[in-house]
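See below for the structure under consideration.
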Amino acid sequence: MTHASATPVTFVVTDIETDGHSPLRNSMLSFASVAMTYDGTVVDEFESVLERRESRAPDPATSKWWEGFPEAYRAATTNPKPVRSEILRYVGWVESLPNEKVFCAAPIMFDGPWMDHYLDSFAHTRALGGPFNGQRQLFRGGGVCLYTMAGTLRGEDYLNWGMQRVPLEWYGDVPHTHKAIDDARGFANVLTKLFELNSRLPKQESTTGSYS
């Protein structure tokens, strides 16, 4: 690795499980995060099972999909906790981590808006960076999309960016089970491999400035 001189960063690799596709209509059932450094060292882990939101309803197609993963569904729904207290517990956990914190998911376009919405609704903070005056900045910047990073660093065309095309051994010994903590651990292993690829690229001269 060639990140020894870089500003220390803790990457919070996160996976969520839901009963639908929209945080405005459905509920997040469970989520888990693995906090790690550039070299793959795991700093800590967090996982939670959440109560469904009373104002939301499960998506029928998603409920049908869950029938194919009964063990994962049990893990995502057993002994759920109140949403607000769990989200606040998560915020405290993230803030206790060392260094700058960066949110990471695969893909960030799915997991990111869910976490962002729950953090905004229950803890007045956000998962993704932006001009959010008056709110705590829980994470630095716009986050890392593991899906995009895996596609570009492997030199693939866009239609071959899917995580299922990443070499299976990059996940380590962690199967992708649709249990949030399993999948977060597997994605953390993939991110470590991607940082190894990144470290071999020629370094470009940094520039600073404003862009509109």
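The numbers here are math on the coordinates, done by the rules we state, and not lab data. In this text the structure is predicted, and so the values were computed from the model without any measurement. For neighbour counting, all protein chains shown are included, and Cβ atoms are generated from backbone atoms with ideal geometry for every residue, glycine included.
Here are some notes:
- Filter result for ALA188 (under 21 Å from ARG89 (Cβ atoms) and either among the small types (Gly, Ala, Ser) or touching a Phe, Trp or Tyr at 6+ places or on another chain (Cβ under 8 Å) (or both)): yes
- Number of positions in the stretch 27-40 that are over 14 Å from the mean Cα position of the chain (by Cα) and more than 12 Å from VAL12 (Cα to Cα): 3
- Filtering the stretch 1-58 to residues that are hydrophobic (A, V, I, L, M, F, W, C), within 16 Å of TRP114 (Cα to Cα), touching a Ser or Thr at 6+ places or on another chain (Cβ under 6 Å) and in a loop (DSSP other than H, G, I, E, B) leaves nothing.
- Residue among TYR147, TYR171, TYR158 that alone is touching a residue at least 40 places away in the same chain (Cβ under 8 Å) and among the aromatic types (Phe, Trp, Tyr): TYR147
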